[in-house]
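Participant: Okay, handing you the structure first.
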Amino acid sequence: MHSPRDIRAQWVQTSAMTRNTKTPNWLEISMDAWALAAESNMVIAMRMGSMALGGPKAVSEAERMVSEKVAANMALGLDLMTGKLGSSPEAIMSGSIAHYSKSVVANRKRLGK
């Protein structure tokens, strides 16, 4: 089964010839958001499964999850306030999705082992 990232990569590859601009468009942003949502749901399901078993691993995973979320939100807020994400709505949305995607992909890979 292909991951949402694989499906997104295939879509980008096939649609690359039609794009003339570096600024992300709303279709690309919506595809990225869809991939992030699908992958996030995979991570949630994997975490729920491991936490349902209980024990020390479940406690450490819950603590890790909360600390990751706080750190990610603080970093994104700082990027937004300093203008690192850009000034257009498209750039801000695209940058925000990319920001969260990094940790979601890393968590999916880590939990999938």
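Participant: If a residue has to be closer than 15 Å to Ala37 by Cβ and under 9 Å from the mean Cα position of the chain (by Cα) to count, how many in segment 100-113 make the cut? Talk me through it step by step, then tell me what you get.
Facilitator: First pass over segment 100-113, keeping only residues closer than 15 Å to Ala37 by Cβ: 100-101, 103-105, 107-108.
Within this subset, residues satisfying the condition of being under 9 Å from the mean Cα position of the chain (by Cα) are 100-101, 103-105.
The number of residues fulfilling the criteria is 5.
Participant: Going through Leu85, Leu76 one at a time, which residue ends up being within 26 Å of Leu27 (Cα to Cα), open to solvent by less than 50 Å² (accessible area, probe 1.4 Å), of a type outside the set (Phe, Trp, Tyr) and at pLDDT 95 or above? Reasoning before the result, please.
Facilitator: Numbers: Leu85 fails: at pLDDT 95 or above.
Leu76 is the lone residue from the list that is within 26 Å of Leu27 (Cα to Cα), open to solvent by less than 50 Å² (accessible area, probe 1.4 Å), of a type outside the set (Phe, Trp, Tyr) and at pLDDT 95 or above.
Participant: Starting from segment 59-87, keep only residues that are without any contact (Cβ under 8 Å) to a residue 24 or more places away in the chain and outside any loop (DSSP other than H, G, I, E, B), then list their pairs with residues that are surrounded by 13 or more Cβ atoms within 10 Å (Cβ to Cβ) and of a type in the set (Val, Ile, Thr) whose Cβ atoms are within a distance under 9 Å, requiring at least 6 positions of separation or different chains.
Facilitator: Close Cβ pairs (under 9 Å, with a partner that is surrounded by 13 or more Cβ atoms within 10 Å (Cβ to Cβ) and of a type in the set (Val, Ile, Thr)) amount to Leu80/Ile92.
Participant: List every residue pair whose Cβ atoms sit under 8 Å apart, with the two residues 6 or more apart in sequence or on different chains, where the first one lies in segment 17-30 and is open to solvent by 60 Å² or more (accessible area, probe 1.4 Å) and the second, anywhere, is modelled with pLDDT of 75 or more and among the hydrophobic types (A, V, I, L, M, F, W, C).
Facilitator: As it stands, the answer is Thr23/Ala91, since those pairs meet every condition given.
The values are calculated or read from the model by the stated rules, or taken from the named source; none is laboratory data. Keep in mind the model is a prediction, meaning the values are calculated, not measured. Cβ sites come from the backbone with ideal geometry, for glycine too, and all protein chains shown count toward neighbours. In case anyone asks, the SASA skips ligands and DNA or RNA and just uses the protein heavy atoms, side chains included. Shrake-Rupley method; radii C 1.70, N 1.55, O 1.52, S 1.80 Å.
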